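A.B. asks: There's a structure below that I have some questions on.
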Amino acid sequence: MVGEAVRKTFGPLAKPLDFLARQLEERLLIVQGFLHSDESPSMNLTLKRADTNGGDCLHVTVQPNPEGRRVVKRVLREMLRQTRRVGGVPLWPMLQLADPGRSFHSGGSFPMREKPGAFESDCLGRPQGWNRVHAVDATVLPSTPGTTITLSVMANAHRIGWETAALD
Ligand SMILES: Cc1cc2nc3c(=O)[nH]c(=O)nc-3n(C[C@H](O)[C@H](O)[C@H](O)COP(=O)(O)OP(=O)(O)OC[C@H]3O[C@@H](n4cnc5c(N)ncnc54)[C@H](O)[C@@H]3O)c2cc1C
């Protein structure tokens, strides 16, 4: 994977620089980062009902968010400032920003709100208009942090379970 990234960066120079690339590989460290959902692109899903000829079709459109690039630049600048303390230099040309929707931390399709509207859920994970159906996974997070989310998802599901049981 590292070798591939090196070859992509050096392009046609990669072959003659093979020795250097191998040396670099031994010193490279890949850093993977995640953005908060407020700084990430979002996706709009629209289900188009079938006409007489075909099946239903789910359309996905992207709403770009320029804030993401600004945050990444800020992080890179800070990493550069810390070069001596970290003992390494961030290689800007090797930066890769993933395509919208390409993440391991997705959620917030039916975000919890105190007063839910369409395509939102209440604080017990019930999508608007539903009384006995509770979503308890990442889909009800009001936003997704840049950090890992599984423990928050589990804690929220636990809370919804207890609070719902207390209602009965
Ligand atoms: C490669 C990778 C690495 C990750 N590493 C980390 C990590 O290190 N730390 C961390 O905190 N998080 C990590 N995550 C994120 C974490 O896995 C998810 O955030 C977490 O699993 C979300 O939990 P969830 O219950 O919301 O959804 P899921 O775990 O996706 O559960 C949803 C379930 O619903 C089922 N389902 C879907 N549709 C239907 C349907 N129509 N009918 C019935 N069942 C259905 C699915 O089969 C699935 O079992 C990682 C994710 C990936 C992909």
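A.B. asks: To the nearest Å, what is the center-to-center distance of the stretch 129-148 and the stretch 1-80, using C-alpha atoms only?
C.D. replies: 26 Å
A.B. asks: Could you check the simple spin-label distance between His59 and Trp162, using points 7 Å along Cα→Cβ, in nm with one decimal?
C.D. replies: 4.5 nm
A.B. asks: How much length would be gained if the chain were fully extended between Phe119 and Asp18, taking 0.36 nm per residue of separation minus their Cα-Cα distance, in nm to one decimal?
C.D. replies: Contour length minus the Cα-Cα distance gives 31.1 nm.
A.B. asks: A further question follows. Using the basic label-point model (7 angstrom from Cα toward the beta carbon), what is the Gln128 to Val72 distance in nanometres?
C.D. replies: Spacing of the two 7 Å Cα→Cβ label points: 3.4 nm.
A.B. asks: Based solely on its DSSP helices, what 222 nm [θ] is calculated for the chain when runs of n ≥ 4 H residues each add -39,500 (n - 2.57) and the sum is averaged over all residues, nearest 500 deg cm²/dmol? Write out the running numbers ahead of the final one.
C.D. replies: Working: 5 runs with 56 residues, N = 168.
Calculated at 222 nm, the ellipticity per residue is -10000 deg cm²/dmol.
A.B. asks: Take peptides 39-52, 108-121 and line them up by average Cβ neighbours within 10 Å, highest first, as a rough protection proxy.
C.D. replies: Values: 39-52: 11.6, 108-121: 14.6.
The most tightly packed comes first, giving 108-121, 39-52.
Taken together, the values in this text are just the output of simple stated rules run on the coordinates, not laboratory data. Every value quoted in this text rests on a predicted model; they were computed, and no experiment measured them. Glycine also receives a Cβ, built like all others from the backbone with ideal geometry; neighbour counts cover every protein chain displayed.
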